[in-house]
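Asker: The structure is given below, and queries will be raised subsequently.
All of the numbers you see were taken from the coordinates with simple rules; none came from a lab. The model shown is predicted, which means the values in this text are computed figures rather than measured ones. Neighbour counts run over all protein chains shown; Cβ positions are idealised from the backbone, glycine included.
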Amino acid sequence: MIKQLSVIFSILLTCTIFVNPAFAIEPLDRVDITNPRLVNSFGSQISNQINVNQQVQISVDIKNNQEKAQEFAYIVQIKNQNNITMSINWVIGSLNPGQTFSPALSWTPKTSGEYTAEIFVWDVENIVNNDGKIAKIIKNDALAQYATLKIIS
């Protein structure tokens, strides 16, 4: 009888582990990054071919796949055709469980050329400074695979 209960418990435990996707979420699956795009100041999508000195917003859709709130840093790195970093900007935010959000960061090309926007979503850690104030530190801990966007100016 005890052996039968042990087998039934093992089967139930195995089913619970495989049916519940939130049980062991992979580190790079905590957030989804989709739909990288350029948008104007009103949030409307525009072409990836832009003019020199034209300010654009680099945006994606991010979704928290976890069952807990997640603080994040949305980081955009712009590289030119020679793979030289031209710009790095970021913004820090928070997502509730299952929430989708579309952050955007502005960028203005100063010269013509081909550029690549590398888009990252990384974890943020709260620390207490010596003066007792809370500071947010961007951890070297990606929440998702990074996305790229080609831009021609």
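Asker: Please list 3J(HN,Hα) in residue order for the range 57-68, calculated via the Karplus relation 6.51 cos²θ - 1.76 cosθ + 1.60 where θ = phi - 60°; whole Hz, with x for glycine and proline.
Answerer: Once rounded to whole Hz, the list reads 10, 9, 10, 9, 9, 10, 10, 7, 8, 9, 9, 9.
Asker: Given H placed 1.01 Å from N in the peptide plane, which residues other than close sequence neighbours of Gln66 have an amide H under 5 Å from its amide H?
Answerer: Amide H to amide H, under 5 Å and 5 or more residues apart or across chains, Gln66 pairs with Gly98.
Asker: Still on this structure, please answer the following. If you place +1 on the Cβ of every Lys and Arg and -1 on the Cβ of every Asp and Glu, how big does the dipole about the Cα centre of the range 27-152 come out, in debye to the nearest 20? Let's see the in-between values first.
Answerer: Working: 10 positive and 11 negative charges, 61 e Å.
My answer is approximately 300 debye.
Asker: Count charges around Ile33 for me, please; just the other residues with Cβ under 9 Å from its Cβ, Lys/Arg as +1, Asp/Glu as -1. Walk me through the numbers before you get to the answer.
Answerer: Details: positive: Lys63; negative: Asp32, Asp61.
Net charge in that neighbourhood comes out at -1.
Asker: Which far-off residues, 5 or more places away or on another chain, put their amide H under 5 Å from the one on Ser87, with H placed in the peptide plane?
Answerer: So Ser87 has HN proximity to Ile78.
Asker: Any idea what the relative contact order of the range 23-153 is, in percent, if you count C-alpha pairs under 8 Å spaced at least 6 apart? All intermediate terms of the calculation are to be shown ahead of the outcome.
Answerer: Numbers: 326 pairs, mean separation 39.2, N = 131.
It rounds to 30 percent for the range 23-153.
Asker: Continuing with the same structure: In the range 27-152, if the dipole is taken from +1 on Lys/Arg beta carbons and -1 on Asp/Glu beta carbons about the Cα centre, which of Leu105, Gly132, Asn82 is farthest to the positive end?
Answerer: Asn82
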